[in-house]
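What follows is a set of notes on a single structure, which appears directly below.
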Amino acid sequence: MSGGQLANLSLQSKSKKKKKVVVKVGMVGDSQIGKTSLMVKYVEGNFNEDYIQTLGVNFMEKTIALRNTDITFSIWDLGGQQEYLHMLPLVCNDAVALLFMFDLSRKSTLTSVKNWYKQARLLNKTATPFLIGTKYDYFSTLKLEEKREMTNQARRFAKAMKAPLLFCSASHAINIHKIFKVVLAKVFDLKCTVQQILEVGDPIIEYEQSATATDDGGQEGGAGGDGAGGDATTGTAAAAGDGASAAAAGHRRDRSTASSDGGEMLQPVVGRHQANASIGSSVE
């Protein structure tokens, strides 16, 4: 092998060095609705039947490999008691996605989303909102009319928030990974190929496809398909290409929010999707 070939291989090796991007996700909602359970189920694959109250703020990370980029979900969970409301800025500031969560078996927790949304939007006006109904396993035992009423109200809220709507269950591993696949698609303006579920009584997955979402059809690896009643457990999602860090360039960066492992922290700004076309793939 010639010296020129060796030099070329060296350059290729350097170009293939993985980039790192951090996506901060905030989770808010009333107490005892399953925020921590969802986070732990997604990150560790575990579910604890015993309720442990979140005192203040919980924080966990999960990294998924997307071709030449490591995407780290930095997930922040705020305790639902009013005495922790002063800590809301820790969860909302710098987040690019906000999960507004409610218990599908308790209407009052959905009503509370209005206040959580108002408070969070005072702190962060640009993060992409998501409306997440938890404890689908309890919801599935309700009468059809109760299911219809809760679903219709949740749809009205989601429409007003311009947010995707997803129902999930941490105890039964329903739609847990799909939530973060949809988050990934929306944050990076990718074409989302997670199958939508619209029937009342089923674990709802509803979202609008962005008119500017990109899809180059390329896929390698992947989290695998998961049905309405389960989730794949692998940490690798559908390939999103080498442009994840280029997408980050379309966001305002702040050195004070650099991640602990040196990754770039995406910042919420108006026009946050402007550089996302470079990713060029779909999330499945």
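The values are calculated or read from the model by the stated rules, or taken from the named source; none is laboratory data. Because the structure is a prediction, the values reported are computed rather than measured. Here Cβ is always computed from backbone atoms with ideal geometry, including for glycine, and neighbour counts include all displayed protein chains.
A few remarks follow.
Let's see how each residue does on (1) in contact with a helix residue (DSSP H, G or I) (Cβ under 9 Å, 6 or more places away or on another chain); (2) under 15 Å from Ala120 (Cβ atoms); (3) modelled with pLDDT under 95:
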position	(1), (2), (3)
Gly26	yes, yes, no
Asn46	yes, no, yes
Leu55	yes, no, yes
Glu83	no, no, yes
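- Screening Asp202 on (1) within 22 Å of Ser112 (Cα to Cα); (2) not in a helix (DSSP H, G or I) shows it passes everything except condition (1).
- Residues that are in contact (Cβ under 8 Å) with a residue 12 or more places away in the chain and among the β-branched types (Val, Ile, Thr) number at least 2 in the following helices (runs of 4 or more DSSP H) confined to region 22-132: 35-44.
- Residue match in region 241-253 (condition: among the small types (Gly, Ala, Ser) and either modelled with pLDDT of 90 or more or under 18 Å from Phe102 (Cα atoms) (or both)): no
- Of everything in region 143-167 that is among the basic types (Lys, Arg) and out of contact with any Gly (no Cβ under 7 Å at 6 or more places or on another chain), the residue that is surrounded by the most Cβ atoms within 10 Å (Cβ to Cβ) is Arg155.
- Residue, farthest from the chain's Cα centre (by Cα), within region 136-162, restricted to residues that are more than 19 Å from Val182 (Cβ to Cβ) and part of a loop (DSSP other than H, G, I, E, B): Lys143
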